[in-house]
1. Applying 1/(1 + (r/R0)^6) with R0 = 25 Å to the Cβ-Cβ distance of Asn407 and Thr505, what FRET efficiency is obtained, to the nearest 0.05?
2. How much length is gained if the chain between Asp288 and Arg625 is pulled fully straight, taking 0.36 nm per residue apart and subtracting their Cα-Cα distance, in nm to one decimal?
3. For the range 374-404 and the range 158-218, what is the separation of their Cα centres, given in Å?
4. What whole number of Å gives the distance from the Cα centroid of the range 60-98 to the Cα centroid of the range 682-736?
5. Order by neighbour count: Val86, Val185, Val167, fewest other Cβ atoms within 10 Å first, most last.
6. Would you please give the residues with an amide H less than 5 Å from that of Gly266, counting only those at least 5 places away or on a separate chain, with H modeled from the backbone geometry?
7. Any chance you could run the full-extension gain for Ala697 through Glu59? It's 0.36 nm times the residue separation minus the Cα-Cα distance, nm to one decimal.
8. Let me know the charge dipole size of the chain about its Cα centre in debye, to the nearest 20, where only the beta-carbon of Lys, Arg (+1) and Asp, Glu (-1) is charged.
Amino acid sequence: MGKYVLLAVVAVVFILAAVWMRDAPMAPAPVMKSVPAAAVSSGTPLWVDDDRIRDADSEPGSWLAHGRTYDEQRFSPLAGINRDNVASLGLAWFLDLGTNRAQEATPIVVNDVMYFTTSWSRVYAVDAMTGENIWSYDPKVPGEWARWACCDLVNRGVAVYQNRVYVGSLDGRLIALDAASGEPVWEVDTLIDRNLHYTITGAPRAAKGKVFIGNGGAEYGVRGYVTAYDAATGEQVWRFFTVPGDPSLPFEHPELEMAVKTWKGGEWWKFGGGGTVWNAIVYDPDFDQVYLGVGNGSPWTRVIRSPGGGDNLFLASIIAVDADTGKMNWFYQTTPGDNWDYTATQDMALAEMAVDGRLRKVLLQAPKNGFFYVLDRMDGELLRAHPFATVTWATHVDMDTGRPVENPANNYLENPQWVLPGPFGAHNWQAMAVDVAAGVAYLPAHDVPFFFSMAQEWLDTGEITKKPSGWNLGLNFDELSQTLLVNADTQPATLGYLKAFDFLTGEEKWAVKHPHHWNGGVIATAGGLVFQGDALGMFTAYNKDSGEVLWRFNAQSSMLAPPITYAVDGVQHVAIMTGSGGAALHGGETAPAPPASLKYGNLGRMLVFKLGGAATLPPPTRVDRSIPEQTLVEASAEELGQGERLYNDYCSMCHGLLVRSAGTITDLRVIAEERHAIFSQAVLTGLYADQGMASFADSLTEDEVAKIQTYVRYRAHEDREAALGNREEPRLTWLD
Ligand code: CA
């Protein structure tokens with residue numbers, strides 16, 4: 001068995017979410033206190049407006065918006081912590097967040113108060129100097145909604161605007177909170193249909209008196225759109241759909257008449273079409289327009305959506321719309337006719353810089369497809385598109401046509417094959433930082449290949465049936481996992497990187513190799529530093545010019561979230577949230593570099609550092625992952641194969657392929673007999689619905705659950721035997 005086989009398999013099983021947590025998501029008891037003096041100095045209520053965010057460099061101690069400024073460069077002018085003194089950086093304070101789920105938020109710091117979100121879309125306001133709780137707010141997301149979140153019940157943060165804090169809840173609501181008290185002021189339902197499996201995980205953005213929010217769910221079969229709401233009242237101002245709906249119905253806006261001509265011969269609207277805007281929405285005050293980062297197609301395979309070909313606008317595109325009207329000014333499609341889950345939802349940075357001797361206002365994005373795009377913000381003109389990671393699906397981007405040139409050998413309809421990047425992307429939502437003066441982006445990149453193979457149903461019949469409560473990708477996962485298990489040696493290497501990438505020349509200035517692919521977002525500072533948390537639990541300061549490690553802290557937990565930096569009373573702080581998961585829930589035990597979450601549990605914390613900080617984390621407790629002896633019922637290989645297939649389809653996304661959890665969600669191999677006794681009840685009655693493990697009675701029968709449980713027992717037994725040294729290699733699969 002190749003040592004990367006588990007990593008490989010990781011990338012394969014994007015199937016169905018079944019969530020069964022190790023323990024309940026304990027919300028820390030909200031301690032309601034009065035607002036500290038700093039937040040109400042001179043009796044002035046908090047007020048953040050467009051001018052203040054535009055002028056963010058005049059208050060470098062704040063982190064006013066998602067990417068710090070409207071430019072979203074995540075480059076801080078603070079230099080109090082720098083290359084000369086970073087060695088004395090230490091923990092100032094930390095907060096236990098009472099959750100073992102993934103944390104992805106970028107905190108906002110304004111008027112010395114830090115606002116951030118945790119799993120389940122919960123919001124916290126704390127004193128940025130001490131971590132003391134000011135208020136907290138729980139939108140009470142129905143636990144069962146977790147089943148519709150592809151990549152855990154995460155949230156990437158709030159917007160703070162005027163005197164409000166805005167949060168999108170996992171179940172599709174946009175909520176405005178009073179910034180001083182945390183009390184809800186208004187709430188709107190952003191979903192067009194609550195029977196479809198939409199989720200909100202992204203941070204809202206605010207500008208021009210409006211709040212902008214999108215959603216996710218393309219894997220489940222939905223249609224993407226972004227809505228602008230009046231920041232004061234919650235009234236809808238405009239809505240932009242990213243893909244056309246049923247063409248027999250009137251189009252919601254004229255851009256869709258143009259888009260529909262690029263969808264040919266299929267019935268994509270029955271699958272939603274995809275194009276969800278689940279992460280980047282960036283306001284550009286220079287052109288008074290909002291950029292929407294549009295996601296992948298639904299299903300993933302274009303031949304199902306659009307058998308007659310076509311680009312399938314506006315999938316995998318960057319769309320510029322007028323901030324006031326939502327009318328499209330221009331678009332650029334990174335991956336015409338997306339066939340690989342190549343979202344262009346990754347963060348976008350705005351900059352003004354010389355390109356070919358001319359000062360340009362540019363937009364920068366490194367989407368999943370592996371090319372780093374530099375566009376002119378005025379009209380979307382393509383200026384650069386250099387590959388920043390291993391790319392096999394296309395040879396290059398033709399700068400005359402602006403289109404990628406697909407590698408003809410990559411047609412997986414006829415030849416199932418490895419493709420790079422895989423659906424994890426060469427870069428995912430983990431934020432990059434841009435150093436305009438150096439002409440460099442600091443990129444959390446990775447090479448995670450994926451084996452693409454068409455769904456058997458499509459090969460047999462030329463179509464697929466939409467699964468109402470499952471993933472609809474159009475691919476064949478059983479075949480894939482078999483190929484992986486049998487032909488692991490053919491798999492390209494899986495690695496993570498922190499890269500300093502010159503996006504104008506395509507030159508890699510330096511790269512740090514991470515043994516695990518799924519690492520955190522990045523900030524860069526005028527102190528000459530780049531900060532990143534990684535899967536192994538290390539929070540590191542690198543020299544931004546060389547990638548040299550200058551400081552490192554063992555955070556005891558894997559990290560995905562981007563760090564931020566801010567200052568209180570002139571003292572610079574660096575903050576980061578710990579807790580991994582997201583799309584890598586199904587990661588399993590990823591030798592040779594097991595993430596910290598597997599060793600110590602997935603500890604959800606806010607960590608804040610300053611020079612000379614002397615706080616310490618409690619000593620970590622090693623998680624007991626020993627597998628108890630299993631009570632095995634007799635089962636044929638055929639029955640075990642059936643159980644395995646069902647497990648792959650309904651459980652592996654959260655509990656891990658091969659029943660090996662990545663550390664966030666319960667590892668079913670280690671559960672005690674008393675939990676096995678209620679296995680069927682847990683799966684079918686929603687016993688743990690409040691923790692995200694909703695009933696699967698809509699998809700599974702009692703008999704099928706029994707088969708899954710038997711498979712789980714046998715897998716546990718095999719791994720136990722191997723761990724005890726009774727057997728060299730555990731048996732991994734019972735599928736034919
Ligand atoms: Ca996707």
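Read-outs: derived from the displayed coordinates by stated rules, not from any lab. Bear in mind the structure is a predicted one, so any value in this text is a computation, not a measurement. Using ideal geometry, Cβ is built from the backbone for each residue, glycine included, and neighbour counts are taken over all protein chains shown.
1. Approximately 0.60, to the nearest 0.05.
2. Taking Asp288 through Arg625 to full extension adds about 116.0 nm, to one decimal.
3. 33
4. 43
5. Exposure proxy ranking, most exposed first: Val185, Val86, Val167.
6. Gly308
7. Stretched out fully, the Ala697 to Glu59 stretch lengthens by 224.3 nm.
8. My answer is approximately 980 debye.
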